[in-house]
Structures are given as C-alpha cells and as structure tokens.
Amino acid sequence: MGKIVIEKSALPSILGKNDSIAIRGGKPLNGEVVVRGAKNAISKEMVAALLTSEKCVLKNVPNIEDFEVVSNMIRAVGGEVARQKNGDIEIIAEDIHPVDKTELHKIAGKSRIPVLFAGPLLHRSGEAFIPELGGCRIGKRPVDFHMKALAALGAKIEPIEKGFHITAEKLKGAKIVLDYPSVGATEQILLAAVLAEGITELSNAAIEPEIMDLIAVLQKMGAIISVDTDRVITIQGVAALHGYDHTVLSDRLETASWACAAAATNGRIFVRGAKQYPLMTFLNKFRQVGGEFTISEEGIEFFRGRDLTSIAIETDVFPGFSTDYQQPFVVLLTQANGASVIHETVYEKRFGFVEALNKMGAHIQVYRECLGGRTCRFGQANHEHSAVITGLTKLTGAEIEIPDLRAGFSYAIAALTAEGETTLKNIHHIYRGYENFTEKLKALGVVVID
Ligand code: EPU
C-alpha cells in the first residue's frame, strides 16, 4: 500500500488556523492578483500521469487544497508527487496498485476525482475501487454516466458497500452517447479510451476549455484524439503512452470571480495570467451588465464601465455561460439596477446559497419554473432552479456559513460590497480552489481579520 504523506509545507495556510475570517466591506477593491492554473484541469491532468510509468511535469499549479487531495490519492495507488523548487509538479507512477477502500475514503473526502482513477487503474492493474461520491449542496451529482461508459468499454462493474469494484482484462473501444454533456463523464471516457483497443466515438461530449487542455496533455503523451463537429470526440486507442511536460491553462473561473468582485465594489482589479479566449461568454455578459475590461498579453483588468444594469442569463455547458460563474454573478447583480433573471440548467440545487445573501439585504427570489428561456431538464422536477434578483440593494455585514466553493467566493464578494463587518465561516471551502485567498484580498486593500 502506498504511504500517505501530507506535505504541510505545500498546504495553504489553513492548517492550525481558524476556519473563519472577518472582512470589513464597503470599499472598492483596487490592485492586482495573480491567477494560475485551472483547478478543474489540474486534477484530471494529474490523473492522466497514471497512464504511464514515465515522469510527467505539470507547470503553473497553484497551492490549493484540491491539489493536495489528488496528490495523496496518487500516492495511495503507488505514485509519487512532488513540487520542485521552481514550483513545477513532478508525478511518477512506476508501479500502480489498487487502493485500500477505507484509506481512499479518508483521503478523498468529498472530492469527485476518485471516479476518474478508474480508466488508468484498469489499464495498469486490471482492477479499481471507486468510492461512492455522494451528493452535495448543489445537486445530486450521480456517476451513472461514468459507469455506463466504462461498461460500454468492457469493464465489469460490481456495486459494493460505499462504492464500485471494477475489473477489466482489456478495455475495448465503443460508440458511446452521453445523455447530457457531462464534464466528468467526458474526462472519464478520454482517460479510459486512450489506451483501449480500437476506436471510441463519444457523442454529446462536453467541450469545456479544461477538457481541451486535458486532450492537449493526452496528445503530448502519444494519444490520438479528434474533436469533431457537434460534440463528437473520436479516440483512437494506442498501445502505450509516455510522459508529458505541460503548463496548465489559466483558471477562467477564478478570473471571473475577481471580475465580479471588481465591478460589485466599483473597483479595478488587474488579473495577471487571465486569458481572453476561454472567458469570451463571461466577458460578453459582464459587459452587457455594465462591467468593462482591458485585455493585454499579461492579463485582463476589470472595472465598471457605467452603472450596472439587469440581464437575463441561462447557465449552460461550454460555450454557454458556465454554472460556476453563476454564484459570483448573482452577487454582482444585487448591485445592478432592475430585475435580473438567472436560469440554472446544469445543477438542480445551485441557488441554496441565496438565503444568506437575502439576510444581508439582497432581494432574490427563487422559482421552480424555467424562467427567461427554454424549458430545461429540471423544469418538471420541482427544483428551485431559477432566480430573480432585484437591485440595486444595499448589503450589510452578517455572520454567514459557506456551503461550497463558488458560493464561498460569492459570499466574500457580498462581504466586500456590504457596509460593516462580515464573518465568513467554513472558509476552507474557498481554499479548496482559490490560492492565497486572504493574501490576495489584503493586497487589494481589504481589511481581513484571520
Ligand atoms: N450528471 C449525471 N450523471 C453523471 C454525471 C453527471 O446526471 O454520471 C449530471 C450532474 O448531476 C449535473 C450535470 O450532469 O447535473 C453536469 O455535471 P458534470 O459531470 O458536467 O460535472 P462534474 O464533472 O462533476 C465539473 C466541475 C464543476 C463544474 C461542472 C460543470 C470539476 C472537478 N468539477 O463537475 O466544478 O461545475 O463540471 O461545468 O471539474 C466548481 O469548480 O465549483 C465545480 C463544481
């Protein structure tokens, strides 16, 4: 069994600290923050390193908790992960073995990444244990698409207590159609099919920029993958893959979060490392509500171009408006004049966080109906998945508990916009995906008591 080492030096500053911070709001945020590699690409690219016994190098990896969680999972199956002095991450997985179930449950926590270990573990050891990932506060988040796809590729799946035991002598290419363009299921199929025998044709695939970055890594490793028209991805299986050296794409979700913070507080934030292309849909909506930006080689500066006004938005898979932009954008819209509508079509329960915003003075009402657009798959299912945000509202400080990562950042924006002091509890959710969060706030002139 691989030894589990938690490198404390590499963890963000939460160890030994309170799990809450207080923010004094009501002032514009001004200054610069650095945004590094995308949380939602790093974990999958680290898992890809298990497809080879050669050394893999990942650059631009921020110190976020998710990185530590995936590192420990890789160590648990026999791989080595280390951050070099220059900041590069080196992963070597010479010998891979299945992991002890109890240990994996302990390491993985609520992470959704263990399910993606299936393909590499099946190729390397013929066997994988995948823990039940459980639901969370934004929706049920099942793994049925993953299991159906692995079965189509020839894996034998046995549901066991708290997870699945999966075995396969050799995976074989197949034609797979996803019921919904799921990011995780698309990644699952990529990671399983690259070394399968023959061709896999995946229809209704997700095409998020983080998936394209994973495909770029796999191509560097020797894979043959084509992204065709109409969400079809074709993977021609190869016999073996080799190591890679890759710089992770910039985190568009973190950039969008800082953009909302800049406009909500009527400040000006330069996000060093931000890239325009993956953010195009966000930038359009940001400009439509009155936000403005200047794009340069080094990054993007965000500010208000005029008084903020209302909008109707529907979240969707890429190239649509990402569900992960939704929560910070809701707070931004509390500072816009008029009634805005957001229809959430990716997760059925992603508006639970608005209750705390209403306590701070926001005026947000949630509805079961599909408001402001097409009927989505949640329309007849009684989920409160549309919201009407009426602005402009003055927010005041409060004591609030963070339920998840993106809601966490949006509460921080609310706190920064509000008059007085706000205490944010369960701040660890933010550290999962935002590097040096409190340090960045301080650099932008915010008084943070941590
Ligand atoms: N779904 C199923 N069955 C499955 C898989 C998904 O019904 O087997 C449903 C989900 O319940 C959801 C929808 O499909 O309603 C989309 O889920 P998807 O699989 O695309 O999401 P994911 O891969 O679990 C990733 C990101 C999320 C991001 C979504 C959508 C990671 C680690 N997570 O999740 O990021 O919201 O794609 O873009 O990459 C975040 O960063 O805060 C975050 C939640």
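Summary table below
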| quantity | calculated |
| --- | --- |
| Environment charge at A174 (Cβ cut-off 15 Å; Lys +1, Arg +1, Asp -1, Glu -1) | +3 |
| Label zone at R272, where the point sits 7 Å out along the Cα-to-Cβ direction: region 435-450 residues whose backbone N lies under 18 Å | 435-446 |
| Exposure ranking of T334, T396, T375, T234 by accessible area [1.4 Å probe, largest first] | T375, T396, T234, T334 |
| Value of Rg/Rh across region 356-450 [Cα atoms, Kirkwood radius] | 1.05 |
| Other-chain or far-sequence residues with amide H under 5 Å of D88's (modelled H) | none |
| Rough spin-label spacing in nm, given labels placed 7 Å along Cα→Cβ, for K359 and D88 | 4.8 |
| Other-chain or far-sequence residues with amide H under 5 Å of E314's (modelled H) | H343 |
| Prolate/oblate/rounded call for region 49-105, Cα gyration tensor, a/c under 1.5 rounded | oblate |
| Additional length obtainable on full extension of the chain from M280 to Q219, 0.36 nm per residue less Cα span | 19.5 nm |
| Calculated FRET value between A443 and K148, using beta carbons and R₀ = 51 Å, to 0.05 | 0.65 |
| Percent accessible area from carbon and sulfur atoms, region 39-247, protein chains only, probe 1.4 Å | 49 |
| Derived scalar couplings ³J(HN,Hα) [region 145-158; Karplus, 6.51 cos²θ - 1.76 cosθ + 1.60; whole Hz; x for Gly, Pro] | 5, 4, 5, 4, 5, 5, 5, 4, 7, x, 7, 9, 10, 10 |
| Anisotropy class of region 195-243 from Cα gyration tensor, a/c 1.5 cut | oblate |
| Spacing of the two label points (7 Å from each Cα toward its C-beta) at N337 and E399, in nm | 3.8 |
| Lys, Arg +1 and Asp, Glu -1 on Cβ, resulting dipole of region 25-142 about Cα centre, debye, nearest 20 | 620 |
| Label-point separation, E169 to K425 (7 Å along Cα→Cβ), nm | 5.6 |
| Per residue, in Å², the accessible surface of region 39-247 once ligands and nucleic acids are set aside, probe 1.4 Å | 40 |
| Rounded to whole Hz, the Karplus (6.51, -1.76, 1.60) HN-Hα couplings of region 358-367, x for glycine and proline | 4, 5, 7, x, 6, 10, 10, 10, 9, 10 |
| Added length on full extension, which subtracts the Cα-Cα distance from 0.36 nm per residue, T309 to A22 | 100.4 nm |
| Acute angle (nearest 10 degrees) that the helix 252-264 long axis makes with the longest principal axis of the chain, alpha-carbon atoms | 0 |
| Vicinal HN-Hα couplings computed from phi for region 61-66 (Karplus, 6.51 cos²θ - 1.76 cosθ + 1.60; Hz; Gly/Pro x) | 8, x, 7, 10, 4, 4 |
| Net length gained if the chain between Y367 and Y180 were fully extended (0.36 nm per residue, minus Cα distance) | 65.0 nm |
| Gyration tensor verdict on region 39-247 (Cα atoms; rounded if a/c is under 1.5, prolate if a/b is larger than b/c, oblate otherwise) | rounded |
| Interchain or long-range residues, amide H under 5 Å from E399's placed H | T423 |
| Loop GluC sites (Glu not before Pro), region 43-124, which have at most 16 other Cβ atoms in a 10 Å radius of their Cβ (DSSP) | E54, E94 |
| Student exercise, region 39-247 dipole from Lys, Arg, Asp, Glu Cβ charges, in Debye to nearest 20 | 340 |
| Solvent-accessible area of E298 with every protein chain in place, 1.4 Å probe, in Å² to the nearest 10 | 100 |
| Computed FRET value (nearest 0.05) for E80 with D230, which takes r as the C-beta separation and R₀ as 35 Å | 0.30 |
| Environment charge of I89, counting only residues whose C-beta is closer than 10 Å and scoring Lys/Arg +1, Asp/Glu -1 | -1 |
| Kirkwood hydrodynamic radius of region 190-316, from inverse mean 1/r over distinct Cα pairs, in Å | 16.9 |
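The values are calculated or read from the model by the stated rules, or taken from the named source; none is laboratory data. Here the structure is a predicted model, which means the values were calculated and not measured. Because the Cβ atoms are built from the backbone with ideal geometry, glycine has one as well, and the counts that use them run over all protein chains shown. Accessible surface areas use protein heavy atoms only, side chains included; no ligands, DNA or RNA. Shrake-Rupley method; radii C 1.70, N 1.55, O 1.52, S 1.80 Å.
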